[in-house]
């Protein structure tokens, strides 16, 4: 398993084309993709695991002004009910790397942290533990999608 310092980002890979892996090595991937058609979202994101294809699906948007980035969960029961998670990015030196304007960055930052995702996952899936619970992890840039 690669260490946190071994994965190297490519030179041109925006966040919307990036794939992050969980830093705990449990097999989770945070996969960013193109935005939904005819929406104001900047991207979409999905959390995958080999034992269960898609655990969570999100739209990705950014606040006006300061520009915090949010993952808005698409509820499986009702798409109008959703949980929202703040995501922040850091470079290889653990300095803030959240882009002020999502989509204008040339390189996906090395690390990401999704606030409160671990506790949300615990209350959504406790007792099943297949795959294991996500926990509070750092997400590490793994690769860029073609």
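What follows is calculated from the coordinates using simple rules that are stated; it is not laboratory data. Because the structure is predicted, anything quoted here is derived from the model rather than measured. All Cβ positions, glycine included, derive from the backbone under ideal geometry; neighbour counts span all protein chains shown.
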Determine the percent antiparallel among the DSSP beta bridges restricted to the chain, to the nearest 5.
95 percent
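Please tell me the relative contact order of the chain in percent, rounded to the nearest whole number, where contacts are Cα pairs under 8 Å and at least six residues apart.
Value for the chain: 28 percent.
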How do 70, 139, 86 rank when sorted from fewest to most other Cβ atoms within 10 Å of their own Cβ?
86, 70, 139
Values of log10 I(q)/I(0), in the order q = 0.13, 0.18, 0.19, 0.21 Å⁻¹, for the stretch 15-144 under a Debye, Cα-only, solvent-free model:
-0.50, -1.00, -1.12, -1.37
